[in-house]
Amino acid sequence: MDGERTDDRALIGLSGADALGFLQGLLTNDLRPLGAGEGIVWTALLTPQGKYLVDFLVVSTGGRLLIDVKDSFAPGLMKRLAMYRLRADVQLAPVTLTVTRGLGVPPPGALADPRHAALGWRRYGGPEGADPAIDWDAIRVAHVIPETGIELIPDETYILEAGFEALHGVDFRKGCYVGQEVTARMKHKTDLRKGLVRVRVKGDAGPGDEILAGDRPAGRLFTRAGDRALAHLRFDRVAEAMRAGNAQVWLDA
């Protein structure tokens, strides 16, 4: 049950009688199960036009409600939540706690990462544990799990194209939230023309490189781990032989 401290996360504490309902009306996922006790939900805040702004984990543990977010996104998230708060009985404040994550048997107080079993567990507070040197990027690539600020790009990404449905990050029965109309329309009325996929890469290419199918742009590479990578592709331009930089690229079955 070894775990490692995550130094790139920030925690925001929420208190007040309206805290859970306030988030419920803004975010892509259903947070009501958190009202029954300990739990963790992955969710996102969107623009009114349905584009991604920031994703994070909402955690109920030890009698408190926390947001676990990429540290560089925390100030902007705090500002936006304060803008939406209006007269709601909600207080927001930074929280200092050690965030630990790991694989294997979870320690007491840990919660399973809700996105995918391969991401193991997360714990808030308590000892840091030993560092098992886990290659989290390789895990994300293997299971097509996007990362804040890398595959998930503010004001650009649509969450259904980034795999939020498969990773339990959106609920289509919870009711209204910011950007809900566009997201629901993409789910029910259109076939996705683009999306995040895993590819094989042979040669010199890395994050940010454009993927070409013949002479036509087909997508872009993101996180790479060995000969595999995450890529955002146009499905109508996927070919058996694509290239990025000096590398060959093809879909990984």
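List of remarks:
- Note on K79: lysines with a C-alpha under 30 Å away, same-chain residues under 8 apart excluded, are K51, K70, K174, K187.
- Difference of contour (0.36 nm per residue) and Cα-Cα distance, E38 to R193: 52.0 nm
- Karplus-based coupling profile of the range 136-143, in residue order and whole Hz: 5, 5, 5, 5, 4, 5, 4, 10, with θ = phi - 60° in 6.51 cos²θ - 1.76 cosθ + 1.60 and x standing for Gly or Pro.
- FRET E, pair S15, F235, Förster distance 51 Å, beta-carbon r, rounded to 0.05: 0.70
- Relative to the current alpha-carbon distance between L251 and A138, full extension at 0.36 nm per residue lengthens the span by 39.0 nm.
- Cross-link reach is defined here as a Cα-Cα straight distance under 16 Å, omitting same-chain residues fewer than 8 places apart; for K202 the aspartates and glutamates meeting it are E210, D227, E240, D252.
- Among P94, P154, P132, residue whose mean-square fluctuation peaks in a GNM of the chain (springs only between Cα atoms under 10 Å): P132
- Take every pair of alpha-carbon atoms less than 8 Å apart whose residues are at least six positions apart; their mean separation over the length of the range 32-141 yields a relative contact order of 18 percent.
- Taking only protein heavy atoms and a 1.4 Å probe, the accessible area of the chain is 50% carbon and sulfur.
- For the pair the range 62-117 / the range 166-182, the C-alpha centres are spaced 19 Å from each other.
- Segment A118-D8, extension gain: residue separation times 0.36 nm, minus the distance between their alpha carbons: 37.6 nm
- On Cα atoms only, tilt of 74-85 relative to the major axis of the chain in degrees: 60
- Whole-number accessible area per residue in Å² for the chain, which is evaluated in the context of all protein chains at 1.4 Å: 49
- In this label model, R228 and K79 are separated by 3.8 nm, measuring between points 7 Å along each Cα→Cβ vector.
The values are calculated or read from the model by the stated rules, or taken from the named source; none is laboratory data. Small disclaimer: the values here were computed from a predicted structure and weren't measured. Quick reminder, even Gly has a Cβ in these numbers, built from the backbone with ideal geometry, and neighbours come from all protein chains shown. Quick note on the areas: whole protein, heavy atoms, side chains included, nothing else; ligands and nucleic acids left out. Shrake-Rupley method; radii C 1.70, N 1.55, O 1.52, S 1.80 Å.
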